[in-house]
Structures are given as C-alpha cells and as structure tokens.
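What follows is a single structure, written as structure tokens, with notes after it.
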Amino acid sequence: MNLLDIRNLTIELETPQGIITAVERFSLVVQDGEFRGIVGESGSGKSLVGRAIMGLLSNKWRVRADRFFFAGEDLQQMDVDEHRRFMGREAAMIFQQPSSYLDPIAKIGEQILEALPQTPRLNLAFWRRNSDRLEKVSALLHKVGIRDHKRIMASYPHELSEGLCQKIMIAMAIANEPRLLIADEPTSTMEATTKIQIYKLMAKMNQLRKLSVVHICNELETAANWTDRVTIMYCGQSVEAGPTQQVVEQPLHPYTHALATLIKRDPQRQMLNVMPGTMPTLQHLPTGCRLGPRCPRAHKDCIEMPRSRYLRNRSYRCHAPFNLEEKHANAAASGQTH
Amino acid sequence: MQTPLLQVKHISKTYHNSKGWFRHETVEAIKSVSFDLKRAHTLAVIGEAGSGKSTLARILAGEMSPSSGDILLHGQNLNDTNQRQRCMDIRMIPQRPSLSLNPRLRVGMQILAPLVQHRSLTPSLRQQKLYATMRDVGLLEEHADYYPNMLSASQRLRVTLARAMIVDPEVLVFDQTLSAMDITMRAQLINLLTMLQQSRGMAYIMIGHQLSMIRHLADDVMVMQQGEVIEFRPTDEIFESPASEYTQRLIYAYNELVQGPSS
C-alpha cells in the first residue's frame, strides 16, 4: 500500500521581489515499510519537502500538489491545524543538530514524558498512571539503545553528546507509534562511530516495526547502502529516482552520474571527476534544464526543460541520459511522460 | 637527511580552570605530542570530541602558546622568531568560513587584510597579488568587489582560503573546515587543494572526521585520544589494519557505513 503519495508537489515562497519556486513538480511515493532516501545538496529543497509533508511550513510558503495523500487521507483538504494534528499522530520528524531542538532548561525525562500520547490508560488505577508513564519513558530509551536510563532522564541536553541527543529525539519520535519517520540529515555533524549507531537504529525500527523512513541526506555515499529506493534532487526538482542499487550502479542522469563516480573507490590520489560550477540560486535559474550550464552532455535540446520520463521502476529528467541504449531511450521518450 | 618542514617536539598544553576561590583544576588537553611534517605532505588528525585536536590546531596556528615543548619550522624554533613571520608561515582556515568573514566589508579588502598587516607593498603590487591569489583559488577578479553574502558557501570558503594563501604560507591548518560542505563542493575543493599542493608545495594539516576525504587526501593519519597520540601511521595502513581499539571501532563503523550493513 502507498503510505505517502505525492504527485507534482510545488512549493513557492512569496517575497517582495516576486514568487520564488523552491520545489517544482516533485513526486514521491513511499510504500509501507520502505526505507526511502532523498539526496541533494543544500538548497535543493529536500528539507522543504520534509517540512511540507509534516505541515510545518509557515504561511508565507505556498504548497500545491496534484495529489498529496498520506495513508489514504487527502492532506490538501485539511486546514493547517488539522494537517499538523493528523501528521503529528501518524508521523514524526527528526532534525540535524538534535541538541538545538531539545529544550535546554528541561530534563530529558520531562521532555520525553511530554512526547508520550496524552490519553490516560483507563484500565489503570489513577495513582499508578504516573509511574506507568515513567516506565514507558525508560522502555522507550531502552528501545533506542540507551541502557542507563536513570542518568539520562535526569540530565539536561547540554550534558549529553550529539549522538545521545539524536537517540533521544528518535525515542521521542517513536513514542507515538508513528507510521512514518522523516529524518532530516540526522547524522550530518557526527563522527563515523555515532553515525553508524543512528543508521542501525533507523534500520532496526524500519525492519522490526515496519516503520517507513524518509531519510533526507546530502551524501549518496552512505545513503547508497542503507536505503531501498532513493530520489536525487537538484535545484528543487527530482532528477532521478529508483531502486538505490540501480541508481548508484547505472545512473541515468548526468548529475547522479557525477555523484556516483565520486563515491567509487580509487586508491590513487588523483583528481576527482567533478562537475564545474555551483548550484544556481533559485532567483537566477537557467532556462531549460537546470543542470544545463554545468552538464557535460548538454546539447541543443537542453534549452527546453526535460520532463520526467519513466522507465520500468525508475524515473529521470534528462534529454541525454547515460547508460541507456537507443531503443530504450526512444521507448521511454514515447512512453508515459509528465 | 633533509630537515622536515615542520617539527613538533613534545608539546603539551594544560588548562587551569578556577573552581571557587581557592581550588582550581588542571586539565591536560595535550600530553607530549610530537610529529614531523614534510613539504607537500598532508597530515590528518582524527579523534573523539575532547581529544585535544582543536587545541593542537590552535597552538600550531599561534593562537595560543603551548605549556611546554617546541615547534620548529625549517629547523628553526618558532618561539624565538618574531610572531609576524610565524603568522605568515602557518595559517589556519576556520571551521565556518561564512562566520569568519565580515559581512560589511568587500571580499577583496578582507583577502588583502593579512597582506596589509604583514607586508609593506605598493598598492599596485598588492592588487596584482590579490588577483593572482583569487585566480589560484578559482575566484574571478570581479568577486573582489562583492560582499560575502553575495557569494555561495563554497565561494566563501575559497575566500578564506585566498585570505590564508595571500601571504604565501608553508603550512595550512584546516580545523574541521570541509566537514560541513556538500559532496560536489567538497570534491571541487579537494581537487583545488591537491592542485595547490602540487604547484606550491604547501603542507596541510587537516583536523576532522570526514574519513572518506582523509582517505583521499592524507598521507599520514594521527589518531588522538585524551590528548595523547595513540596511532601515527600512513593512511593506507590505518585503513587496512587499525591497531588501537578506538581506531578499529572508527574504521569498522566507516566501512560499514559505506559498504552497507554486514548482515
């Protein structure tokens, strides 16, 4: 079943200089129990997508979509409060720099208590409800791999390391038994040993509780091995999507190709094969294909914006893809386009 | 044998924190660290938070002086030479380039600042030097008139790089500079650094935990734990057979991250 079904999501920002389109025609389908990756550079709009799903964008952002369903419910029919309350029940989000998202003046235990569902257990006598909630907190901490729950619950966020804080954020996220976890660059400032713990934890939750994970990150290197399917974003557009293994081994889009060659191992210290230039700002986008000026395979068709093409279970947005035989290219071009 | 470019001999640093009126505690941030660095070589320093790697960077850059020990550049003790020469020879690239630039000054002025401070050149020569350095790091001459907020993050890093390089240093110290960069930007900068190292023969000291980058760039890796050097070996050896327990954990975690779960 499709847990999350987004088709042609467009996110715009109203500024005094006019409307800026930050995310354009972004489609994403997440199955139940899928570990999904969204990879892109900073400024490619990947965090905006996560926030739009949760309904966290302030009212100066305009969110439109052809289809925006979560678990069969149409999110566009809801108003802002309804959307947030619904997603708060069904999904959870964790952020980068967890220590800055925790309240610095409240103890960890209190903060996790707050995240627990508020409905009291009526079959329990009222004097036992409080200790029952505390037990739940320690059980949550055990689930995310924290053993000395007493010490952690009594400490403040600044006393703990980033890795521990992120585990606490995950504990708070799963307190409500969500069906979807959106992780917005959860490990970007950590070192390898802590990173692996967070990844393993997310993979465990994904496998044991059928929790779907949308993992937003900026490195294909790690996303390549931990996600089932991946979407590559560039400049607010999804440039390529598909099963991770296929995307990494046979990239179609030149941007993905550049990312994929970067993570291939070469023991010799030589020049890396990189794309020249930087990502354009959203105010000054090139006409046509957004990768155009940086693309090694650009040709005259590229002054027209390529549409998303679908090929088996992959999609890409390019006029001159890599690794594609001529007949497939023609079949894809004449096939379903959006 | 040729003398190494930089020799660090048994430096240590002790912090004194006062606790109350009479008591104070001493923290040994670095305990007797020594290493050599050759020309055009790269040394990476890794370690946990609080292992003293940032303190080491700041001592090398001259931001603070070691409690004991010597730093020798070209076999000459740095404590005896004048501070000005030292500031020109070893330069540090800050952790967050965008925070270390003055938002109200044009980029060109900021790149020139060390040159104005340390050298007496005529304005025209200075201008020439500025443009040459900016071209070296991949900026355009027009960028000199820009303000930092008009540049992208990687261009700002290039600005800080140009500011460090304008006085022709021998050693550059990167304090976790590249860890916050995006992958394509990082790849561009890795190429830039490799190119500059080959053309100018600068030595780099990289502090941080980006293991894939260290693997690509560094010749030697120094692992620190609680202020002590627990491993100091060539990069390939470290990645193939880590010896100490901490390094093993780190390398195994790294391998698992980039190769997928072992199960």
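All of the numbers you see were taken from the coordinates with simple rules; none came from a lab. Just so we're clear, the structure is a prediction, and the values are computed from it rather than from any experiment. Cβ coordinates were reconstructed from backbone atoms using ideal geometry, including for glycine residues, and neighbour counts include every protein chain displayed.
Listing for the model above:
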quantity	calculated
DSSP-defined beta bridges in the protein assembly as shown - what % are antiparallel, rounded to 5	60
Relative contact order [Cα under 8 Å, 6+ residues apart], the range B:1-98, whole percent	33
Estimated vicinal HN-Hα couplings, Hz - the range B:195-204 in sequence order (Karplus 6.51, -1.76, 1.60; Gly, Pro = x)	5, 5, 5, 5, 7, 10, x, 6, 9, 10
Simple label model, 7 Å out from Cα along Cβ direction - A:Thr119 to B:Asp236, nm	6.3
Separation in nanometres of the label points that stand 7 Å from Cα toward Cβ, at A:Ser188 and B:Glu245	3.4
Kirkwood Rh and Cα Rg combined as Rg/Rh, the protein assembly as shown	0.99
Rounded to whole Hz, the Karplus (6.51, -1.76, 1.60) HN-Hα couplings of the range B:227-239, x for glycine and proline	x, 10, 7, 9, 8, 8, 8, x, 4, 4, 4, 4, 6
5 angstrom amide H check on A:Ile94, placed H, neighbours 5+ away	A:Ile182, A:Ala183, A:Asp184
Shielding score for B:249-259, defined as the mean number of other chain Cβ atoms within 10 Å	5
Gained length - A:Ile20 relative to A:Glu82, 0.36 nm times residue gap less alpha-carbon distance	19.7 nm
Computed helical MRE - 222 nm, chain A, DSSP H runs ≥ 4 contributing -39500 (n - 2.57), nearest 500	-10000 deg cm²/dmol
Interchain or long-range residues, amide H under 5 Å from B:Val45's placed H	B:Met206, B:Ile207, B:Gly208, B:Met222
A:Ser27 long-range amide H proximity, modeled H, under 5 Å	A:Asn8, A:Leu9, A:Ser238
With at most 16 neighbouring Cβ atoms within 10 Å, loop trypsin sites (Lys or Arg not before Pro) (DSSP) excluded, longest segment of chain A	A:148-208
Low-density loop cleavage sites - chymotrypsin sites (Phe, Trp or Tyr not before Pro) in the range B:1-64, where at most 11 other Cβ are within 10 Å (DSSP)	B:Trp21, B:Phe22
Under the Karplus curve 6.51 cos²θ - 1.76 cosθ + 1.60, θ = phi - 60°, whole-Hz ³J(HN,Hα) for the range A:301-314, x wherever Gly or Pro sits	5, 6, 6, 9, 5, x, 8, 5, 10, 10, 9, 6, 9, 10
Binned Cα-Cα distance frequencies in chain B - 5 Å width, integer %	1, 6, 12, 16, 17, 16, 13, 9, 6, 3, 1, 0, 0, 0
B:Met195/A:Glu249 FRET efficiency (R0 41 Å; Cβ-Cβ; nearest 0.05)	0.85
Förster radius 30 Å - calculated FRET efficiency between A:Arg64 and A:Arg209 (Cβ-Cβ, nearest 0.05)	0.35
FRET efficiency, B:His24 to B:Gln76 (Cβ-Cβ, R0 41 Å, nearest 0.05)	0.70
Cα-projected label distance for A:Thr261 with A:Glu73, points at 7 Å along beta-carbon direction, nm	4.7
Degrees separating the helix B:153-165 axis from the principal Cα axis of chain B, which is the longest one	90
Rounded Å value of the spacing that divides the Cα centres of the range A:26-69 and the range B:210-239	39
For residues of B:211-224, the mean tally of beta carbons on other chains within 10 Å	2
Under the span-like rule (Cα at least 24 Å along the axis, Kyte-Doolittle mean at least -1.0), DSSP H helices of chain A	A:126-143
Chain B, helix-only ellipticity at 222 nm - DSSP H runs n ≥ 4, -39,500 (n - 2.57), divided by all residues, nearest 500	-11500 deg cm²/dmol
